[in-house]
Amino acid sequence: MGIAKHPRWRLTRIMGWLQLFLGGLVVIVSISSLVRFYHAGFFFHSEDICRHFYGEKDAFEGFDVKALSNRIEEVLEKMENLQNNLESNVQKMEKDKDDLEKSNMSRLEFKRYLEDEVIQPLYDAHITLRQIRLPRVRGNGNTTFMEEPLINSFVIEEIRKYITPKENKNGKVNIFKTERIHNTIGHACVLMKKDLENYMDYDVGSYCKDDWNLAQKLMLHGCDPLPRRRCLTRASKIYLKPYPINQSLWKIPEGRNVRWNLYRCRDFECLSNNNTDRGYTKCTGCFEMEKEMLKWVNKSSLTPAEFLISDVLGVKPGEIRVGIDYSVGTGSFAARMMEQNVTIISTALNLGAPFSETIALRGLLHLYVTPNQRLPFFENTMDLIHTTGLLDGWIDLLLLDFMLFDWDRILRPGGLLWIDKFFCNRKDLDDYMYMFLQFRYKKHKWVVTPKSKDEVYLSALLEKPPRSL
């Protein structure tokens, strides 16, 4: 006899059996969790574990007991919610008993109910339980329990797959002299768990969501580096061939090559300095090439705090070949230096406008990097570091200190640090001057001029001294 021929009150009995089944399942989950703790050694009075809890030895190196406990609580909560949902449905059916006896449920309706209300929640709880990672025993002699950092902090499987170390295929040491590759994420990713899980929630091999703004938000808040994704990035619907290099340097790029939907403006004309609703405040005028062409080359338009590129390069004739522009802009400094056969990498963030896309479409190198991050260059490799419009009087002195030491790391002996119109409150000038002077660089240029009643500009050209032990 088919299900369609059964009265609906038979479903009430089925629901009752499901409640008993789920109650037993919750007990089994709890017992299985205790068993896994037992096998991990948590209930043994071992010397290693005692040392761990009393601080003498990290027996469980990096093991996050709290995260593991939270995952188990998550499983139990899912089971409890499923049971409550079924109980609620049973009570509703009991209340409408008379109507139920007069109606029938088709086999298809019953199938959908089981899939949506029972099987899927059970599957979710099952997957969550299987994803719990307990520490693994490593080493000989002194037993050490190891857990991969952060593994139990996330639910989304793509995040867990990414941060799990990848063992070498042949089991041997690779060319990097390691047995495995550790993919890294920023430590603040744990504080932005929901945003990161939203970012990593996609179908593998399909198109990524158009969410670069979410990625940038994560990076700026310390979830940097971000995990890689296994989805296809989106481009504008109509992507045209870029201009040739002899035209692209000083020509506004083709607007149809930019995805505008996450910006306030929808074309380059809207980004004009005259438009007060353009969506960005830093580097006003950066998208007006006729104004950009005058920077660093037109003596008549210079303020006392600005230097000519020709004067800077004249300090080290022929020695400046490669450098980095740590600024907010559209790549005009790099374009001018390219005309002098100097390769400049421009850092960029899309702070309300397509700075990164514009730099690339002009045929220039850009580095999408936040102030949180160590620069990905080796020591003593840069001839020039130029900065303007980004590091101003808002920046914390300790953060600036770390950044300046990182710049010193990558700047070669004899290399130049060009501080271009750094501005701050007049009362803070001495603190910032100390920051720049602490490295004992040789002063080639040093200018302090008023910006307003309470603010001043500081511009300097400094040379890193040779250092040897």
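The values are calculated or read from the model by the stated rules, or taken from the named source; none is laboratory data. Model, not experiment: these values are computed from the prediction. Cβ sites come from the backbone with ideal geometry, for glycine too, and all protein chains shown count toward neighbours. Only protein heavy atoms, including side chains, enter the accessible area calculation; ligands, DNA and RNA are left aside. Shrake-Rupley method; radii C 1.70, N 1.55, O 1.52, S 1.80 Å.
Those residues that are exposed (fewer than 15 other Cβ atoms within 10 Å of the Cβ) and farther than 16 Å from Leu404 by Cβ, I need them from the stretch 449-469; list them, please.
Those that are exposed (fewer than 15 other Cβ atoms within 10 Å of the Cβ) and farther than 16 Å from Leu404 by Cβ: Thr449, Pro450, Ser452, Lys453, Asp454, Pro466, Ser468, Leu469.
Answer yes if at least one residue in the stretch 191-210 is among the basic types (Lys, Arg), surrounded by fewer than 14 Cβ atoms within 10 Å (Cβ to Cβ) and more than 23 Å from Val369 (Cα to Cα), and no otherwise.
Looking for residues that are among the basic types (Lys, Arg), surrounded by fewer than 14 Cβ atoms within 10 Å (Cβ to Cβ) and more than 23 Å from Val369 (Cα to Cα), one finds none in the stretch 191-210, hence no.
Looking only at the stretch 284-305, how many residues end up being farther than 20 Å from Gln340 by Cβ, touching a residue at least 24 places away in the same chain (Cβ under 8 Å) and open to solvent by 30 Å² or more (accessible area, probe 1.4 Å)?
Counting residues in the stretch 284-305 that are farther than 20 Å from Gln340 by Cβ, touching a residue at least 24 places away in the same chain (Cβ under 8 Å) and open to solvent by 30 Å² or more (accessible area, probe 1.4 Å) gives 2.
I'd like to check something: does the stretch 400-407 contain any residue that is in contact (Cβ under 8 Å) with a residue 24 or more places away in the chain and either of a type in the set (Lys, Arg) or within 22 Å of Lys217 (Cβ to Cβ) (or both)? First the steps, then the outcome.
To start, the set of residues in the stretch 400-407 that are in contact (Cβ under 8 Å) with a residue 24 or more places away in the chain comprises 400-401, 403-404, 406-407.
From what is left, the residues that are either of a type in the set (Lys, Arg) or within 22 Å of Lys217 (Cβ to Cβ) (or both) are 403.
Checked against the condition, which is being in contact (Cβ under 8 Å) with a residue 24 or more places away in the chain and either of a type in the set (Lys, Arg) or within 22 Å of Lys217 (Cβ to Cβ) (or both), the stretch 400-407 yields at least one hit.
Read through the list (1) under 30 Å from Arg266 (Cβ atoms); (2) open to solvent by 20 Å² or more (accessible area, probe 1.4 Å), then give the number of the only condition that Gly393 fails.
Tallying (1) under 30 Å from Arg266 (Cβ atoms); (2) open to solvent by 20 Å² or more (accessible area, probe 1.4 Å), Gly393 fails exactly one: (1).
Tally up the residues in the stretch 297-326 that are part of a helix (DSSP H, G or I) and either closer than 30 Å to Trp260 by Cβ or not hydrophobic (A, V, I, L, M, F, W, C) (or both), please.
First pass over the stretch 297-326, keeping only residues part of a helix (DSSP H, G or I): 299-301, 309-315.
Narrowing the set further to residues that are either closer than 30 Å to Trp260 by Cβ or not hydrophobic (A, V, I, L, M, F, W, C) (or both) leaves 299-301, 310-311, 314.
Qualifying residue count for the region: 6.
With respect to Arg374, is the statement that it is out of contact with any helix residue (DSSP H, G or I) (no Cβ under 7 Å at 6 or more places or on another chain), surrounded by fewer than 16 Cβ atoms within 10 Å (Cβ to Cβ) and not aliphatic (A, V, I, L, M) true?
Numbers: out of contact with any helix residue (DSSP H, G or I) (no Cβ under 7 Å at 6 or more places or on another chain): no; surrounded by fewer than 16 Cβ atoms within 10 Å (Cβ to Cβ): yes; not aliphatic (A, V, I, L, M): yes.
In short, no.
Those residues that are farther than 23 Å from Met200 by Cα and open to solvent by 30 Å² or more (accessible area, probe 1.4 Å), I need them from the stretch 154-179; list them, please.
Narrowing the stretch 154-179 to residues farther than 23 Å from Met200 by Cα: 168-179.
Residues satisfying the conditions are Lys169, Asn170, Gly171, Lys172, Val173, Asn174, Ile175, Phe176, Lys177, Thr178, Glu179.
Among what's in the stretch 306-330 and is among the aliphatic types (A, V, I, L, M) and at pLDDT 95 or above, pick the residue that is surrounded by the fewest Cβ atoms within 10 Å (Cβ to Cβ).
First, pick out the residues of the stretch 306-330 that are among the aliphatic types (A, V, I, L, M): 308-309, 312-313, 315, 320, 322, 324, 328.
Restricting the remaining residues to those that are at pLDDT 95 or above gives 308-309, 312-313, 315, 320, 322, 324.
Numbers: Leu308: 14, Ile309: 19, Val312: 21, Leu313: 17, Val315: 16, Ile320: 23, Val322: 16, Ile324: 26.
So, considering only residues that are among the aliphatic types (A, V, I, L, M) and at pLDDT 95 or above, the one surrounded by the fewest Cβ atoms within 10 Å (Cβ to Cβ) is Leu308.
Condition test on Ala335, is it assigned to a loop (DSSP other than H, G, I, E, B), open to solvent by less than 10 Å² (accessible area, probe 1.4 Å), touching a residue at least 60 places away in the same chain (Cβ under 8 Å) and not polar (S, T, N, Q)?
Answer is no for this residue.
With the structure loaded, tell me whether Leu404 is more than 21 Å from Ile320 (Cβ to Cβ), touching a helix residue (DSSP H, G or I) at 6+ places or on another chain (Cβ under 7 Å) and either among the aliphatic types (A, V, I, L, M) or exposed (fewer than 15 other Cβ atoms within 10 Å of the Cβ) (or both) or whether it fails that test.
Values: more than 21 Å from Ile320 (Cβ to Cβ): no; touching a helix residue (DSSP H, G or I) at 6+ places or on another chain (Cβ under 7 Å): yes; either among the aliphatic types (A, V, I, L, M) or exposed (fewer than 15 other Cβ atoms within 10 Å of the Cβ) (or both): yes.
Judged against the criteria, Leu404 is not a match.
From the residues in the stretch 402-435 that are basic (Lys, Arg) and assigned to a helix (DSSP H, G or I), which one is nearest to Pro466 (Cα to Cα)?
So in the stretch 402-435, the residues basic (Lys, Arg) come out as 409, 412, 421, 426-427.
Right, trim to assigned to a helix (DSSP H, G or I) and you get 409, 426-427.
On the way: Arg409: 12, Arg426: 32, Lys427: 33 Å.
Among residues in the stretch 402-435 that are basic (Lys, Arg) and assigned to a helix (DSSP H, G or I), the one nearest to Pro466 (Cα to Cα) is Arg409.
When the residues of the stretch 251-282 are filtered to those that are of a type outside the set (Lys, Arg) and within 24 Å of the chain's Cα centre (by Cα), which remaining residue is surrounded by the most Cβ atoms within 10 Å (Cβ to Cβ)?
Of the residues in the stretch 251-282, the ones of a type outside the set (Lys, Arg) are 252-255, 257-258, 260-263, 265, 267-277, 279-281.
Among the residues that remain, those that are also within 24 Å of the chain's Cα centre (by Cα) are: 258, 260-263, 279-281.
Details: Val258: 22, Trp260: 16, Asn261: 10, Leu262: 13, Tyr263: 19, Gly279: 13, Tyr280: 19, Thr281: 10.
Among those that are of a type outside the set (Lys, Arg) and within 24 Å of the chain's Cα centre (by Cα), it is Val258.
Restricting attention to the stretch 342-382, which residues are under 19 Å from the mean Cα position of the chain (by Cα) and of a type in the set (Asp, Glu)?
Glu357
Any idea which residue in the stretch 411-427 is farthest from Ile395 (Cα to Cα), counting only those that are open to solvent by 30 Å² or more (accessible area, probe 1.4 Å) and under 32 Å from the mean Cα position of the chain (by Cα)?
We begin by selecting, within the stretch 411-427, every residue open to solvent by 30 Å² or more (accessible area, probe 1.4 Å); these are 412-413, 421, 423, 425-427.
Remaining after also requiring under 32 Å from the mean Cα position of the chain (by Cα): 412, 421, 423, 425.
Values: Arg412: 25, Lys421: 15, Phe423: 11, Asn425: 12 Å.
If we take residues in the stretch 411-427 being open to solvent by 30 Å² or more (accessible area, probe 1.4 Å) and under 32 Å from the mean Cα position of the chain (by Cα), then Arg412 is farthest from Ile395 (Cα to Cα).
Yes/no matrix, rows are residues, columns are (1) touching a Lys or Arg at 6+ places or on another chain (Cβ under 8 Å); (2) β-branched (Val, Ile, Thr); (3) within 19 Å of Ile385 (Cα to Cα); (4) in a loop (DSSP other than H, G, I, E, B):
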{"position": "Ile252", "(1), (2), (3), (4)": "no, yes, no, yes"}
{"position": "Trp260", "(1), (2), (3), (4)": "yes, no, no, yes"}
{"position": "Asp267", "(1), (2), (3), (4)": "no, no, no, yes"}
{"position": "Arg278", "(1), (2), (3), (4)": "yes, no, no, yes"}
{"position": "Cys286", "(1), (2), (3), (4)": "no, no, no, yes"}
{"position": "Lys295", "(1), (2), (3), (4)": "yes, no, yes, yes"}
{"position": "Leu351", "(1), (2), (3), (4)": "yes, no, no, yes"}
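Please tell me if Trp296 is within 27 Å of the chain's Cα centre (by Cα) and among the aromatic types (Phe, Trp, Tyr). Talk me through it step by step, then tell me what you get.
Numbers: within 27 Å of the chain's Cα centre (by Cα): no; among the aromatic types (Phe, Trp, Tyr): yes.
No: the conditions fail for Trp296.
Quick one: count up the residues across the stretch 217-250 that are over 25 Å from the mean Cα position of the chain (by Cα), over 26 Å from Ala334 (Cβ atoms) and either of a type in the set (D, E, K, R) or surrounded by 14 or more Cβ atoms within 10 Å (Cβ to Cβ) (or both).
Adding up the residues that qualify gives 1.
Would you mind telling me which numbered condition in (1) at pLDDT 95 or above; (2) open to solvent by less than 10 Å² (accessible area, probe 1.4 Å) Ile345 fails?
(2)
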